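For reference, the structure discussed in these notes is given below.
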Amino acid sequence: MNVRLTKVALAIGAPLLALALAFAITSLVLLAAGDPVGEVWAQIISWPEARNQVNILNNATVLFLSGLAVSIGFRMNLFNIGVDGQYRVAVFAAAAVAGEGWLPGYLNTALAIVCAMLAGAAWAGIAGVLKATRGVSEVIATIMLNFIATALVAYLLAKVAVREEGSNVIGTAPVPEGSRIPGIQMWSDIPTEIYGFIVFAVLVGVAYWFTLNKTRFGFELRATGRSASAAVASGISVRRMTITTMMLSGAVAGLVGLPILFGTSPYNYGSTFQSGLGFAGIAIALLGRNHPVGIALGALLFAFLDEQSNPLQILVGVSPDIVAITQGVIVLTVVVSYELVRRYGARLEQRRVAAQLARESAAAKDPRPTTKEAAR
Amino acid sequence: MDDLVVHGPLARPEGSSLVTSLSRDASAATGEVAVRLRGIGKRFPGVIANDDINIDVARGSIHAVVGENGAGKSTLMKILYGVQPPDSGTIEVNGTELALSTPADAIKAGIGMVFQHFMLADNLTVLENVVLGAESLHGIGGAARAKVAEISAAYGLGIDPDRRVEDLGVGARQRVEILKVLYRGARIIILDEPTAVLVPQEVDELFGNLRELKREGLSVIFISHKLDEVLSVADEITVIRRGTTVATVDPRSVTSRQLAELMVGSELPTPQTEASTVTDEVMLSVRGLGLRGPDGRAVLDDISFDIHRGEILGIAGVEGNGQSELVEAVMGMRGGAEGAVVLSGRDIAGLSTRARREAGIGYVPEDRHRHGLLLDAPLWENRVLGHQTREPSARRGVIRRRAARADTQRIIDAYDVRTPGTEVPARALSGGNQQKLIVGREMSADPVLLIASHPTRGVDVGAQGAIWDHIKRARREGLAVLLISADLDELIGLSDRIEVVLRGRLVGTFDPSAVTPEELGSAMTGAGDAAPTTTTEETRG
């Protein structure tokens, strides 16, 4: 029983250790730059106001989807750095389709969501096919595809864009009113609402958990991640798994931009659409240990840090970019502390097994396992 | 059978060995001790790898360290090369006690190691490989080239410094490895199972090189478990059993049989075939199986055989002659295989590995860590592995944890897997217990064919006997068994029929009740009845 307790303690201890380290390092940076450490942390750690709480939840929804997308790859030892490009291509495709309004109401929304997932899957699938057939590292392929995605989307946007009156901002036609996803009003006294898409995100999280942990497909995916050679011997087609996993990761990546597209004005994809969401997903997937609950907590943490750092410039006179340093450092400390804890846990386990077996064989009369043959 | 069995192709009488008997020039040994190991101990969790090891290696001699797989030879050599520190004991080199904490320390002390798996960059030249990491010695230009040529000439290595390593054969690569350690100033050279990858002529050459090194006053530590090679080349032999040194003997006063007794103790169980259960119903029929390697050469060439219900077919061969490829072709793990594979009347040659498993093939892979287990996954997940499409592990695409755990417990009980439970990661188990789990898993789901590749390699004697029992039981229950092993006594003891594989072809069928290890050994090396010194080159294109 206390074995399980140790396991839980280790599982919680690792991210806490990482966070503590990251905060310590950030404090050192602040100290070195002569900034008021205490005031910065006081602002960041203060309890957010209602408006900020909504913003944190909304931001976390987006980051959660991004983290899920990355972690699907991680579970198979694939490093999908291309979530950034995938969500860009996908949200553009969704915006272009939804803006046309071919179907009425929510049918239009559903079509756009499917298009986004297909576009993300296809974009990630390129890297998957290259890896499976030609052995191209998915890290390189997805990074390159990020650049191509940015250029491609900018190029296509110019073709379909409608220019807003009196502005240089260009964007796709806005999603028709009936196809937007209404927000959830949490506090009646503030106008900001929680993305309705958050419900969908939670469902995706549950589906992720079920598929990876409960199904045969998920087992094969994890088995391939742990040992590709053992997977081959067990009748798993590693090539097919590579392509499928990349496409699945891309499909989820395709959802990343949709809460924003369907939930905030101007309800379109334009040159000012939020960028960089894919990279945050890598950090969050690492922090959340590829578990949907962990990823949700990680997304909340990152969204919290972002939101709380916004007024730093005004209140304390420190650039909010300090939080980006914290987030970056978290990625490093998380990797280190998980590895330390993993090794420690493995050693503990090995010792426990050895000790238990030694006890058992001592309890048996003859400690040496003699064989029937030898006795013959 | 006697109370003792000699392992492998080692009960061969003097003189008929595959390698020409070398003159044992013991006088080259000056009597000075180059390396002295005293009381070396090393523990890993749950395993005592080394315990009170004592060895003296005389300068200018070839000192062999022999022992079974898993006896602790590799651990000892890693300690001597500074890869891992000993828990106890002392190491003296040329009379001074040293603490070797990294290989750099060992190199500084004049110790060099040639690993079994070569560590060479294929796309670089010999010279570049040799100077890599040792640029400070003689630079990377003319001086280094001259030095390489000088060493090559001095020890008769015959190496052209400007050849690319990828163009070299296995024997030449090994000489490059030796040259590498000599270049770094080694006076004590450790060779870890150097002959495992060599064909007999190359073994002859290697031994010639070793004699050359000895003549120049270098000390060679030669690790092996092939006893006739050891007997023919070593000046002194230390035997390791269960992690400790049991004897140091003079090769002139010991026979390979006595050496084998020392190596395995008296605990060796014998694989005894029981009354024949062979039926005339063909279970597996392989016809014209062929496979080409990446270089276009045939690694399997027109292989045909049948295995009947209740029959064990043993495949004998020197490692690297196509055994692994044969198994992987039958399992469908390698693309590009041609020919027919018929399992109980159904051609499975076009099927995927999964479909072949579902058709009733159980597979005990030769490398359990790479192909048989997910080391960091709990035992029950390892039970599911390879059976993830079948009851009780899964139903309608969903893994059934509870059923899988229960069935894992069944295997643990029935196959005597020593583990505290089903949640333990596979890595925490000893090799023998891992292997018993694999055998138990592969025997579930009612297979009709069991492929067992080196099933007792690296497992302890107790597990070995248990695994033999399980294979015999499989045969009694009417399975067809394809057994691949490097252990000739295991093959002779278990098989109903033995086929010898040489360079990807089946070259002879033997009746295990009539054949001796010597005869098998000759067939395996292609020597046939010819004189042992001229291993006839097979003329196949």
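Apply the a/c threshold of 1.5 to the C-alpha gyration tensor of chain B and tell me whether it is rounded, prolate or oblate. Note, shape of chain B comes out prolate. Considering all different alpha carbon pairs of region A:54-143, the Kirkwood hydrodynamic radius works out to 14.2 Å.
In this structure the amide hydrogen of B:Q116, modeled in the peptide plane, comes within under 5 Å of the amide hydrogens of B:D192, none closer than 5 places in sequence on its chain.
Residue by residue along A:345-358, Cβ atoms of other protein chains within 10 Å of the local Cβ number 5 on average. This ranking places B:E205, B:E32 by how few other beta-carbon atoms lie within 10 Å of each, fewest first, which gives B:E32, B:E205. Per-residue 3J(HN,Hα) values for region B:302-318, derived from phi via the Karplus relation 6.51 cos²θ - 1.76 cosθ + 1.60 with θ = phi - 60°, read 6, 8, 9, 6, 10, 10, 8, 4, x, 10, 10, 9, x, 10, 9, x, 5 Hz in sequence order (x marks Gly and Pro). Taking amide H as placed 1.01 Å from N in the peptide plane, the amide H of B:I189 sits under 5 Å from that of B:G112, B:S219, B:V220, B:I221, each at least 5 places away or on another chain.
3J(HN,Hα) couplings calculated from phi for region B:521-526 with the Karplus curve 6.51 cos²θ - 1.76 cosθ + 1.60 (θ = phi - 60°) are, in sequence order, x, 5, 5, 5, 8, x Hz; Gly and Pro show x.
Remark: relative contact order (region A:50-311) = 40 percent; criterion is Cα-Cα distance under 8 angstrom and separation of 6 or more residues. Placing +1 on each Lys and Arg Cβ and -1 on each Asp and Glu Cβ, with no other charges, gives the protein assembly as shown a dipole about its Cα centre of roughly 2140 debye. The H on the amide N of B:R241, modeled in the peptide plane, is under 5 Å from the matching H of B:V246, each at least 5 residues off or on a different chain.
Ranking B:H138, B:G421, B:G431 by how far each Cα lies toward the positive end of the dipole of chain B (charges on Cβ) leaves B:G421 at the top.
Note on the protein assembly as shown: the C-alpha convex hull projects to 45.3 nm² when averaged across all orientations.
Do the alpha carbons of any pairs in A:K131/B:K180; A:K7/A:K214; B:K42/B:K180; B:K78/B:K226; B:K78/B:K214; B:K78/B:K108 sit beyond 27 Å of each other, and which pairs? Exceeds cut-off: A:K131/B:K180; B:K42/B:K180. Taking every residue in A:232-245 and counting other chain Cβ atoms within 10 Å of its Cβ, the average works out to 5. Using the Cα coordinates of chain A, the gyration tensor eigenvalues translate into equivalent-ellipsoid semi-axes of 42, 29, 18 Å, sorted from longest to shortest. Extension gain for the segment B:A104 to B:T255, taken as residue separation times 0.36 nm less the Cα-Cα distance, is 50.5 nm to one decimal.
Counted by neighbouring Cβ atoms within 10 Å, the residues B:K226, A:K7, B:K78 run from fewest to most as A:K7, B:K78, B:K226. In order along region B:358-365, phi translates into HN-Hα couplings of 5, 6, x, 9, x, 9, 9, x Hz, rounded to whole numbers, per the Karplus curve 6.51 cos²θ - 1.76 cosθ + 1.60 with θ = phi - 60° and x for Gly and Pro.
Sorted fewest first by neighbouring Cβ atoms within 10 angstrom, B:Y81, A:Y195, A:Y269 come out as B:Y81, A:Y195, A:Y269. Averaged over the residues of B:421-430, the number of partner chain Cβ atoms lying within 10 Å of the residue Cβ comes to 4.
Each of B:I498, B:L191, B:Q409 was placed along the dipole of chain B (beta-carbon charges, centred on the mean Cα), and the one lying farthest toward the positive end is B:Q409. Using the Cβ of B:I411 as centre and a radius below 9 Å, the other residues enclosed give a net charge of +2, where K and R count +1 and D and E count -1.
Build a GNM of chain A with springs between Cα atoms under 10 Å apart, and of A:V202, A:V169, A:V83 the one that fluctuates most is A:V169.
Readers should treat all values here as calculations from the given coordinates under stated rules, not as data from a laboratory. Model, not experiment: these values are computed from the prediction. FYI the Cβ positions are ideal-geometry reconstructions off the backbone, even for glycines, and counts take in every protein chain you see.
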